[in-house]
Amino acid sequence: MNKSIFKITPCFEDIMPDEYKELVESDPFGKGLGVSQLGTYKELLEEHPLCAGCGLALSLRLILASLPNPEDTVIVGSTGCSALAFPQVALHNIHSVFGNQNAVASGLKRALKLRFPDKVKDVVVIAGDGATADIGLDMVMQSWFRCENITTIMLDNEAYANTGGQESGMSPQGTVLNMAPKGKKFPKISMPEIARESGCAYVAAISPAQPKRLEKMVRRAILTAREVGPSYVQIFSPCPTNYKFKPQEMVARIKQREKEGFFKSKEYITTEAQEYLAGLEEGKKDE
Amino acid sequence: MLESKYQVLVGPEGYLPPAAASMGVTLPEKGQALVEGSIVSEEEAIEKIAQKILEAKNPFLFPGPLLLWDWKEGVAEKAKAVKELADLAGTRIIPMPDYRPKYPMINPAVEINPNHPNLTIWHNKIDFCLFIGVHCHYANVALKIIRGGTDCYTIALCGEAGHEDAMISLRDVGLAQLASLTEAVARLKGVAGK
Ligand SMILES: Cc1ncc(C[n+]2csc(CCOP(=O)(O)OP(=O)(O)O)c2C)c(N)n1
Ligand SMILES: [Mg+2]
């Protein structure tokens, strides 16, 4: 992004809506800010139409605050609840047809490498569990097999939330939803393990109940994708609307699932990625 | 050349009005302009815009991103000329800072979005609007929605080839055309004031 064009024409400063003025005055671009500084700068997610207590909304806020290079990041989204928030995101983002997100991201990353050979441009897929583990699984896994330099982030609300509550491959066995009245008959898909075996150099599972750890994982995933190979982060983001709990109980719900042993944060890193990340993280300590 | 019989008139024309181009309205050549679907001289169209602005009860200008963001040389100058026009004609200004399909989260009192421009027009009871600095593809979408669902008179001051879907459209608009329009408004105001 060329920040020199990010200026309001002087005689129109008085009529620009506040959100744009705030973004120009206290943007996070190029400043190396992160989750700890939330509240001190203008966030990249404006007012959004997601439900109160939506786990996905909190995860998205944290992901955006964790991007190592927001001004040169392009996000590829897919149909689903998160697609409703993307119009309020002040970053380049592309909406792809449901399930196609990793194919679109692969092409985009390759084009950006050709167009900007001397610049780092991060391509990050952010999509739902239905888009990632069910309908788009073909495109997701093929992009991993091909070792594309992209990061895939799944917002796992364990349902097809946007279409009124069908079970997804990521719903736990036995889950009863509005449109899964008889209960799900098979267990949750082990996506982190599938990712590890399919060529991802960095894999993590986390939730917004641990914001600092989430930040670290998102950064590691994106940095790994730049140099080593594809990366995958799965973020458990419970849905109060479809799982019928109170909005204020979202984080408690994650902790309860953790306590019961149904949700575990994890990290798989290949030796090559480990060495690469250690080098970067070591360098950072020296600064 | 066959002239289209279709007139681009103030709405509401109904849900999904046709694109004027599909009804045979063609874009003007250099030095010409469009008034309600017919090709006229640029001077005639400028005079008509000035009349319409002054007749309107609640006229607004809608500057788009090409004018709101100071992204290249010459923009600030053009913006100043637009502001002068607004001050003289007594119109208010509501910006269209970008084209994100913000929905349903816009504040129609302070912004207009090309994907549902009708919200801003209804909320502010706008009966005349002038688009300037809006990229052509989004101007086309917004102008059609306005004609379909509101009774607002639309003007498009275009830096490129003009817009069939506006009731009046100039093409190749630069500082010279803006100055002529401001001058026409001043002159008509003077006449009206006598
Ligand atoms: C090709 C295609 N198939 C089906 C749909 C219908 N559809 C819209 S959203 C959605 C479910 C999305 O589920 P998920 O990816 O988990 O996102 P969530 O809404 O839960 O965040 C489906 C099936 C569609 N829009 N396009
Ligand atoms: Mg889902």
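Starting with the fewest neighbours, write out A:Leu91, A:Leu114, B:Leu85, B:Leu34 ranked by other beta-carbon atoms found within 10 Å of each beta-carbon.
Working: A:Leu91 18, A:Leu114 7, B:Leu85 24, B:Leu34 27.
Lowest count first: A:Leu114, A:Leu91, B:Leu85, B:Leu34.
If r is the Cβ-Cβ distance from A:Ile94 to A:Val120 and R0 is 25 Å, what FRET efficiency results, to the nearest 0.05? Efficiency, from the Cβ-Cβ distance: 0.85.
Here the label points at B:Gln51 and A:Lys284, each 7 Å from Cα along the C-beta direction, are separated by 6.7 nm in the simple model. Mind giving me the FRET efficiency for B:Met105 and B:Ala19? R0 is 30 Å, r the Cβ-Cβ distance, nearest 0.05 is fine. Using R0 = 30 Å, I get an efficiency of 0.60. Only helical runs count toward this figure. For chain B, summing -39,500 (n - 2.57) over DSSP H runs of n ≥ 4 and dividing by all residues gives -12000 deg cm²/dmol at 222 nm.
Could you sort A:205-212, B:181-188 so that the peptide with the highest average Cβ count within 10 Å comes first and the rest follow in order? Walk me through the numbers on the way to the answer.
On the way: A:205-212: 20.6, B:181-188: 18.0.
Highest-to-lowest ranking by the protection proxy: A:205-212, B:181-188.
Note down the Stokes-Einstein diffusion coefficient of the protein assembly as shown in µm²/s, whole number, using a Kirkwood radius over alpha carbon pairs, 37 °C, and 0.692 mPa s. Walk me through the numbers on the way to the answer.
Working: Rh = 24.9 Å.
Diffusion coefficient, whole number: 132 µm²/s.
Take each residue of peptide B:91-103, count the partner chain Cβ atoms within 10 Å of its Cβ, and average: the result is 4. Along the stretch B:116-124 the Karplus relation, 6.51 cos²θ - 1.76 cosθ + 1.60 evaluated at θ = phi - 60°, assigns HN-Hα couplings of 8, x, 4, 4, 5, 5, 5, 4, 9 Hz to successive residues, with x for each Gly and Pro.
Computed across the stretch A:55-286, the Kirkwood radius stands at 17.7 Å (inverse of mean 1/r, all Cα pairs).
Volume per residue of the convex hull around the Cα atoms, evaluated for the stretch B:90-160, comes out as 87 Å³. The value given for chain B is a Kirkwood hydrodynamic radius of 16.6 Å, derived from the mean inverse Cα-Cα separation.
Name all residues of the stretch B:148-171 having a backbone nitrogen under 15 Å from the label point set 7 Å from the Cα of B:Ser41 along its Cα→Cβ direction, giving them as ranges. None, by backbone N distance to the label point. Each Cα pair under 8 Å and six or more residues apart adds its sequence gap; the mean of these over the residue count of the stretch A:55-286 is a relative contact order of 20 percent. Computed from backbone phi, the HN-Hα couplings of the stretch A:157-162 come to 9, 6, 5, 7, 6, 5 Hz, rounded to whole numbers (Karplus: 6.51 cos²θ - 1.76 cosθ + 1.60, θ = phi - 60°; Gly and Pro given as x).
Sorting check: for A:103-111, B:36-44, which peptide has the highest mean count of neighbouring beta carbons within 10 Å, and how do the rest follow? Don't skip to the end; give the middle numbers.
Numbers: A:103-111: 18.9, B:36-44: 15.8.
Ranking the peptides A:103-111, B:36-44 by packing returns A:103-111, B:36-44.
With 0.36 nm allotted per residue and the present C-alpha distance subtracted, the B:Asp87-B:His135 stretch has 14.9 nm of extension available. Dividing the helix sum by the residues of chain A, where each DSSP H run of 4 or more adds -39500 (n - 2.57), gives a mean residue ellipticity at 222 nm of -10500 deg cm²/dmol. Annotation: the antiparallel percentage among DSSP beta bridges lying fully within the stretch A:55-286 is about 20. A Förster distance of 22 Å, applied to the separation of the beta-carbon atoms of A:Lys182 and A:Lys244, puts the FRET efficiency at 0.85.
Every number here is computed from the coordinates shown, using simple stated rules; none is lab data. Only a predicted model underlies this, so the values are computations on that prediction, with no experimental measurement involved. In this analysis, Cβ positions are derived from the backbone assuming ideal geometry, glycine residues included, and neighbour counts consider all displayed protein chains.
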